[in-house]
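The values are calculated or read from the model by the stated rules, or taken from the named source; none is laboratory data. Note that the structure is a prediction, hence the values are computed from the model and not measured. For neighbour counting, all protein chains shown are included, and Cβ atoms are generated from backbone atoms with ideal geometry for every residue, glycine included. For accessibility, only protein heavy atoms count, side chains too; no ligands or nucleic acids. Shrake-Rupley method; radii C 1.70, N 1.55, O 1.52, S 1.80 Å.
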Amino acid sequence: MTEPLLLALDQGTSSSRAALFNGAGETIAVAQVPLSVHYPADGWVEQDAEEIWLTQLEAMRRLEASISPAQRAAVAACGVTNQRETTILWRRGDSAALGPALVWQDRRTHRICGEWRGLSVATTWMERTGLVLDPYFSASKIRWLLDQDADACAAQQQGELCFGTVDSWLLWQLSGGRRHATDFSNASRTLLLDLDGLDWLPLALEQVGIGRDSLPELLPCRASFATITAGLPFAGTPITALMGDQQAATFGQFCLKPGQAKCTYGTGAFLVVNSGREPLRAPGGLLSTVGWVEPDGQVTYCLEGSVFNAGTVVQWLRDGLGLIRSAEEMDGLAASVASAGDVMLVPAFTGWGCPHWDPSARGLLIGLNRDSGAAHIARAALDGVALSISTLVELAETALGVPLDHLAVDGGAAASDLLLQAQADSSGLEVKRPAQLESTALGVALMAGLEAGVIHDLSAAQDRRGAGISRFVPQLDPPARQCWRRRWDDAVQRSLHWHSDDSV
């Protein structure tokens with residue numbers, strides 16, 4: 001008899017994936033379909049909502065076709081994890097998307113956020129949600145779509161408008177339009193959720209101009225969300241978990257105690273630190289967010305810092321500059337020099353996230369001389385991602401009042417030894433990379449398995465995760481680290497406020 005299996009749908013910015021795991025967290029099969037991203041103007045980043053769904057559907061089809069009938073019959077539950085903050089509006093009656101999906105990286109709404117920051121309720125709004133009034137989050141994207149799309153306005157007037165982040169959009173499609181819901185981890189990234197009360201915040205809804213009837217139902221991360229509808233791959237499978245991708249990766253890295261931290265290097269880079277049972281409002285630009293909520297209402301909160309560009313830096317070196325032909329060539333090119341020398345690359349291509357929250361910042365390449373070459377730029381690109389995260393590590397340690405013990409890492413770019421050594425050197429922390437870099441899909445699969453009763457405790461998966469870890473320890477002495485960080489801070493300051501209001 002085949003052991004119970006868990007299906008994870010992992011919808012990311014650059015691809016949609018479907019994966020099967022067993023109860024010990026071992027990967028059984030994976031299918032992946034690329035997803036296009038569109039940049040119609042400077043600072044604008046959007047996707048086609050229908051393509052998001054169709055690529056996820058195709059990944060499910062490929063996965064189902066790749067497994068045996070016995071394995072298909074053993075699929076006991078499904079978890080969904082997703083790129084967060086990305087905003088979709090659709091019409092309830094025919095499930096038609098209204099306008100583009102505005103991606104989390106999109107900065108077109110910076111004027112709206114500037115207006116909100118001038119409101120008398122701005123401070124209360126930020127304190128209640130644990131976030132900042134920035135284009136990163138869903139609220140201003142909703143406002144922009146309602147202002148720009150007459151069909152969206154008409155749908156709202158007719159009581160037909162649905163708003164959702166990608167998890168809600170996928171759940172709607174997977175359930176055949178029967179369930180409009182989200183989980184608290186995704187809801188906490190919208191600028192609409194009261195972090196303490198775990199309910200939609202009326203003052204936020206009023207400023208955004210959206211009615212509560214357009215918002216998804218709020219549920220714990222583990223719940224009975226829906227059943228995959230007839231006619232779709234894996235039809236009949238119960239969907240028992242929803243989680244934003246960074247929260248899922250934090251759970252998949254078993255950062256289950258306060259002070260445990262992970263960094264995921266994907267399209268962006270995201271530091272998440274478990275901060276315990278109460279939300280911690282941290283100074284300095286870090287965000288307070290819901291990690292996950294159990295069925296009994298028990299909440300795990302996290303501190304988070306987001307760097308908007310990480311994997312996109314490698315893509316730019318490949319597609320924009322032509323310095324490499326594939327991402328796999330990155331380490332080889334960068335390793336051909338001992339260091340980047342004086343070259344620094346600040347990866348603010350779509351503005352700065354944490355801690356500066358500056359949508360007008362732009363990327364910066366500085367320190368070039370006649371001896372600088374492609375290898376120095378490649379090395380500086382890896383250093384820039386690591387240094388960005390090390391700034392957030394320092395802020396998190398200040399907020400917690402204690403140093404972090406180590407940093408767990410995952411995501412595609414974590415395959416780079418040079419990146420992780422730079423991370424250790426710039427942060428002063430030991431960096432631990434698991435043998436299996438996939439944490440996001442694993443995390444939501446484990447959550448789904450717990451709710452479905454397939455998994456009773458996480459010990460087997462945690463033991464397996466602990467095997468084969470690679471460790472990177474700091475090789476720079478503290479004075480050299482401090483000098484490097486000061487130079488980096490100087491470079492970052494030069495990247496800020498580059499675009500005027502008229503050009504963003």
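Hey, can you grab everything whose amide H is under 5 Å from the amide H of ALA223? Only 5+ residues off in sequence or another chain; H modelled, so Pro and N-termini drop out.
Residues meeting the criterion, in which the H sits 1.01 Å from N, are ALA241, LEU242.
Set Lys and Arg Cβ to +1 and Asp and Glu Cβ to -1, take the dipole of the chain about its Cα centre, and tell me which of TRP144, VAL30, LEU195 lies farthest positive.
Of the candidates, VAL30 comes out farthest on the positive side.
Would you mind checking which residues have amide H under 5 Å from ARG108's amide H? H placed 1.01 Å from N; only 5 or more apart, or other chain.
Those qualifying (amide H under 5 Å, at least 5 residues apart or on another chain) are VAL45.
Using every Cα-Cα pair within segment 361-426, state what percent have a distance larger than 19 Å. Before the final figure, lay out each step's value.
Working: 929 of 2145 pairs.
More than 19 Å apart: 43 percent of the Cα pairs in segment 361-426.
Write down the percent of antiparallel bridges among all DSSP beta bridges whose residues are both part of the chain, to the nearest 5.
Values: 54 of 76 bridges.
Just about 70 percent of them are antiparallel.
Quote the charge dipole size of segment 339-418 about the Cα centre in Debye, to the nearest 20; the model charges only the Cβ of Lys and Arg (+1) and of Asp and Glu (-1). Numbers along the way, then the final one.
On the way: 3 positive and 9 negative charges, 70 e Å.
Value, rounded to 20: 340 debye.
For VAL454, VAL393, give me the order by solvent-accessible area with a 1.4 Å probe, most accessible first, ignoring ligands, DNA and RNA. Each step should come with its number before you reach the end.
Numbers: VAL454 40, VAL393 0 Å².
Ranked from most to least accessible, the order is VAL454, VAL393.
Placing +1 at every Lys and Arg Cβ and -1 at every Asp and Glu Cβ, with all other atoms neutral, what dipole size does segment 265-347 have around its Cα centre, in debye to the nearest 20? Don't skip to the end; give the middle numbers.
On the way: 4 positive and 9 negative charges, 32 e Å.
The calculation lands at about 160 debye.
Of all DSSP beta bridges in segment 1-94, what percent run antiparallel (nearest 5)? Walk me through the numbers on the way to the answer.
Values: 15 of 22 bridges.
Of those bridges, close to 70 percent are antiparallel.
Mind checking the per residue accessible area of segment 348-428 for me, 1.4 Å probe, whole number of Å²? Mind dumping the intermediate values first?
Numbers: 2590 Å² over 81 residues.
Per-residue value: 32 Å².
Can you tell me how segment 1-150 classifies by the Cα gyration tensor, rounded, prolate or oblate, using a/c under 1.5 as the rounded cut? Numbers along the way, then the final one.
Details: a/c = 2.86, a/b = 2.06, b/c = 1.39.
Here segment 1-150 falls in the prolate category.
Say the dipole of segment 292-346 comes from +1 at the beta carbon of Lys and Arg and -1 at that of Asp and Glu; which of GLY320, LEU345, CYS302 then lies farthest toward its positive end?
Of the candidates, GLY320 comes out farthest on the positive side.
Give a residue-ordered list of calculated ³J(HN,Hα) values for segment 380-387 (Karplus: 6.51 cos²θ - 1.76 cosθ + 1.60, θ = phi - 60°; whole Hz; x for Gly, Pro).
Working through the residues one at a time gives 5, 5, 5, 4, x, 5, 5, 5 Hz.
Of all accessible surface on the chain at a 1.4 Å probe, what whole percent is carbon and sulfur? Intermediate values should be presented prior to the final figure.
Details: 9010 of 18210 Å².
Whole-percent figure for carbon plus sulfur exposure: 49.
How far apart, in nm, are two points set 7 Å out from the Cα along the Cα-to-Cβ line at SER68 and at ASP489?
Output for this residue pair reads 6.0 nm.
Ranking request for peptides 118-130, 176-188, 243-255, 291-303: highest mean number of other beta-carbon atoms within 10 Å first, then the rest in descending order. Intermediate values should be presented prior to the final figure.
On the way: 118-130: 16.0, 176-188: 23.8, 243-255: 29.3, 291-303: 19.7.
Sorting 118-130, 176-188, 243-255, 291-303 by mean packing, highest first, produces 243-255, 176-188, 291-303, 118-130.
Any idea which of LEU6, GLY43, CYS78 is furthest toward the positive side of the dipole for segment 1-114, if Lys and Arg beta-carbons carry +1 and Asp and Glu beta-carbons -1?
Highest projection toward the positive end goes to GLY43.
Taking H as built 1.01 Å from N, whose amide H comes closer than 5 Å to the amide H of LEU364, not counting residues under 5 places away?
For LEU364, whose amide H was placed from the backbone, the distant partners under 5 Å are VAL346, ALA348.
Residue by residue through segment 259-273, which ³J(HN,Hα) values in whole Hz follow from phi under the Karplus form 6.51 cos²θ - 1.76 cosθ + 1.60 (θ = phi - 60°), with glycine and proline marked x?
Coupling constants for segment 259-273: x, 7, 9, 9, 10, 9, 9, x, 4, x, 10, 9, 8, 10, 10 Hz.
Where does segment 135-240 land on Rg/Rh, using Cα atoms and the Kirkwood Rh?
On the way: Rg = 14.4 Å, Rh = 14.6 Å.
Result: Rg/Rh = 0.99.
Just want to confirm a number: the relative contact order over the chain, from Cα pairs under 8 angstrom separated by 6+ residues, in percent. Numbers along the way, then the final one.
Numbers: 1159 pairs, mean separation 77.1, N = 504.
15 percent.
Where the Cα atoms of segment 396-504 are projected onto their three principal axes, how long is each span, largest first, in whole Å?
For segment 396-504, the Cα spread along each principal axis is 53, 43, 31 Å.
Based on DSSP H runs of at least 4 residues, each adding -39500 (n - 2.57), what is the mean residue ellipticity at 222 nm of the chain after dividing by all its residues, to the nearest 500 deg cm²/dmol? Each step should come with its number before you reach the end.
Details: 17 runs with 173 residues, N = 504.
Counting only the DSSP helices, I get -10000 deg cm²/dmol.
How long are the three semi-axes of the equivalent ellipsoid for segment 296-404, computed from the Cα gyration tensor as the root of 5 times each eigenvalue, in whole Å, largest first?
Details: eigenvalues 182, 46, 41 Å².
Sorted largest first and rounded, they come to 30, 15, 14 Å.
Efficiency by 1/(1 + (r/R0)^6): what FRET value for GLU51 and ASP296, r their Cβ-Cβ distance, R0 = 35 Å, to the nearest 0.05? Spell out each step's value before the answer.
Working: r = 38 Å, r/R0 = 1.08.
Efficiency, from the Cβ-Cβ distance: 0.40.
Which of [x] 34; [y] 27; [z] 17 is the computed percent of Cα pairs over 40 Å apart for the structure on display?
Checking each listed value against the structure points to [z].
Within 10 Å, count the other beta carbons around each residue, average over each peptide in 330-339, 443-452, 134-143, 159-168, and list them highest first.
Details: 330-339: 16.8, 443-452: 29.1, 134-143: 26.9, 159-168: 24.5.
For the peptides 330-339, 443-452, 134-143, 159-168, the packing ranking is 443-452, 134-143, 159-168, 330-339.
What list of ³J(HN,Hα) values in whole Hz, one per residue of segment 294-307 in order, does the Karplus curve 6.51 cos²θ - 1.76 cosθ + 1.60 (θ = phi - 60°) give from phi, with Gly and Pro shown as x?
7, x, 7, x, 5, 10, 10, 9, 9, 9, 9, x, 10, 10
With every protein chain present, what is the per residue accessible area of segment 120-213 (1.4 Å probe, Å²)? Mind dumping the intermediate values first?
Numbers: 2980 Å² over 94 residues.
Here the residues of segment 120-213 average 32 Å² of exposed surface.
What is the dipole size for segment 194-343, taken about its Cα centre, with +1 at each Lys and Arg Cβ and -1 at each Asp and Glu Cβ, in debye to the nearest 20?
Here the size comes out at about 260 debye.
To two decimal places, what compactness ratio does segment 113-192 give when its Cα radius of gyration is scaled by 2.2 N^0.38 Å?
Values: Rg = 14.2 Å, N = 80, 2.2 N^0.38 = 11.6 Å.
Ratio of Rg to 2.2 N^0.38 Å for segment 113-192: 1.22.
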